[in-house]
Amino acid sequence: MPLTAIAEFGEKGKTNPVYAKLDEICKAHQGLWSVEAEEYLLANSANL
C-alpha cells in the first residue's frame, strides 16, 4: 500500500472499496488508526 493519509481514505474509497472500508473504520475510531483498521488492511491489502 502506498503511504496514504487517513484523511484521503474517503476520496480514494470512491473507486476502491478497501479504502472505503478503512475510512469507515477510522471514522468509528474518531479519525484515528486502530487495531481494527490494521487487521482489515492486512486481510485485504491484495485488493489495493
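A short reminder: the numbers here are calculations on the coordinates, not readings from a lab. Here the structure is a predicted model, which is why all the values come from computation and not from measurement. When we count neighbours, we look across all protein chains shown, and the Cβ atoms used for this are built from the backbone with ideal geometry, even at glycine.
For a label point 7 Å from the Cα of N47 along Cα→C-beta, name the residues of the stretch 1-36 whose backbone N is under 11 Å from it. Backbone N within reach: 16-22.
Quick one: Kirkwood hydrodynamic radius for the chain, alpha-carbon pairs, angstrom, one decimal? So the Kirkwood estimate lands at 10.4 Å.
So if I place +1 on the C-beta of Lys and Arg and -1 on the C-beta of Asp and Glu, and nothing else carries charge, what would the dipole magnitude of the chain be about its Cα centre? I want it in debye, nearest 20. Roughly 140 debye, rounded to the nearest 20. Farthest toward the positive end of the dipole of the chain, out of M1, G13, A43, is the Cα of G13, where the dipole comes from beta carbon charges about the Cα centre.
Only helices enter the 222 nm calculation for the chain: every DSSP H run of n ≥ 4 contributes -39,500 (n - 2.57), and dividing by all residues gives -15000 deg cm²/dmol, rounded to 500.
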